[in-house]
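What follows is a short report on a single structure.
The values are calculated or read from the model by the stated rules, or taken from the named source; none is laboratory data. All values reported here derive from a predicted model rather than from experimental measurement. Here the Cβ positions follow ideal geometry from the backbone for every residue, glycine too, while neighbour counts run over all protein chains shown. We work out accessible area using only protein heavy atoms, side chains counted, and drop any ligands, DNA or RNA first. Shrake-Rupley method; radii C 1.70, N 1.55, O 1.52, S 1.80 Å.
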Amino acid sequence: MKAFRLDQLEAERAANQGAYLRFLRERTMSAGLYALDAGAQDAQGPHEQDEIYLVVSGRASITVGEETTQVGRGSVVFVPARMPHRFHHVTEDLRVMVIFSPPEG
């Protein structure tokens with residue numbers, strides 16, 4: 001078993017001064033913690049993997065393809081592989097658990 005605590009993951013991500021911390025990579029999936037502070041720009045592009053975003057905290061909008069919705073704590077969004085997507089209008093510091101399948105990178 002591998003177990004993680006969000007507060008420890010966030011501290012590690014912040015210590016590495018990056019927006020993204022991959023904390024798990026297995027044969028069929030990977031997981032990471034993504035952070036965007038209020039007002040930040042999301043520069044990510046489409047990925048080769050399917051993704052699931054679970055919003056841990058914060059508020060923003062997300063556009064996937066031509067669809068836009070607001071997200072907050074507890075929101076779950078599926079993004080198909082190679083689909084353009086981005087978070088925007090980040091009004092509260094956003095922390096998102098990201099699950100890729102197959103694993104990214």
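Worth pointing out:
- Look at segment 41-54: where a residue is under 14 Å from Arg22 (Cβ atoms) and a partner is open to solvent by 70 Å² or more (accessible area, probe 1.4 Å), sitting 6+ places away or on another chain with Cβ atoms under 6 Å, you get Gln49/Pro102.
- Looking only at segment 22-38, and only at residues there that are more than 14 Å from the chain's Cα centre (by Cα) and basic (Lys, Arg), the one that is surrounded by the fewest Cβ atoms within 10 Å (Cβ to Cβ): Arg27
- Output for segment 43-62, where each listed residue is hydroxyl-bearing (Ser, Thr, Tyr) and open to solvent by less than 30 Å² (accessible area, probe 1.4 Å): Tyr53, Ser61
- Qualifying residue in segment 75-97 (condition: aliphatic (A, V, I, L, M), farther than 23 Å from Gln8 by Cα and open to solvent by 30 Å² or more (accessible area, probe 1.4 Å)): yes
- Test: residue in segment 25-45 that is among the β-branched types (Val, Ile, Thr) and touching a Pro at 6+ places or on another chain (Cβ under 8 Å): yes
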